Amino acid sequence: MYSLVMTLQTLVNVTNQLFHPIHFNTEPFSLALVAVGLVILFLVAVGGIAYGLFKAVKSVPNLTTKQFILFLLLIAVALVVIGVLLP
């Protein structure tokens, strides 16, 4: 989080230096650009997850027993990793 704040502050400083001669306050503009970028990244991530889940659910009935067990193991590992990274 600290690095994101430093990155935003750097962006504000650079844009203020560029637009200072025309007396344009760039802080709200730069924060809006960052917010829009984060929203787009979030939408892409949600779309990718939804697409992956749709493909996984569609392919489960065609799996062999070994493939299904491997699929369950991958889900279990993913849940453990998410559980470790959340706190």
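A few points about this structure:
- All of 54, 29 fail the test of being under 25 Å from residue 14 (Cβ atoms) and either touching a His at 6+ places or on another chain (Cβ under 8 Å) or open to solvent by 90 Å² or more (accessible area, probe 1.4 Å) (or both), apart from 29.
- Test for residue 7: is it modelled with pLDDT under 75 and within 20 Å of the chain's Cα centre (by Cα): yes
- Tally, over segment 10-23, of residues that are modelled with pLDDT under 70 and open to solvent by less than 100 Å² (accessible area, probe 1.4 Å): 1
- Members of segment 53-66 found to be free of Cβ contacts under 8 Å to residues at least 12 places away in the same chain and in contact with a helix residue (DSSP H, G or I) (Cβ under 9 Å, 6 or more places away or on another chain), listed by number: 59, 60, 63
The values are calculated or read from the model by the stated rules, or taken from the named source; none is laboratory data. The shown structure was predicted, so the numbers you read here are calculated from the model rather than taken from an experiment. Heads up, the Cβs are rebuilt from the backbone with ideal geometry, glycines too, and the neighbour counts pull from every protein chain shown. Note: accessible area is taken over every heavy atom of the protein model, side chains too, but ligands, DNA and RNA are not part of it. Shrake-Rupley method; radii C 1.70, N 1.55, O 1.52, S 1.80 Å.
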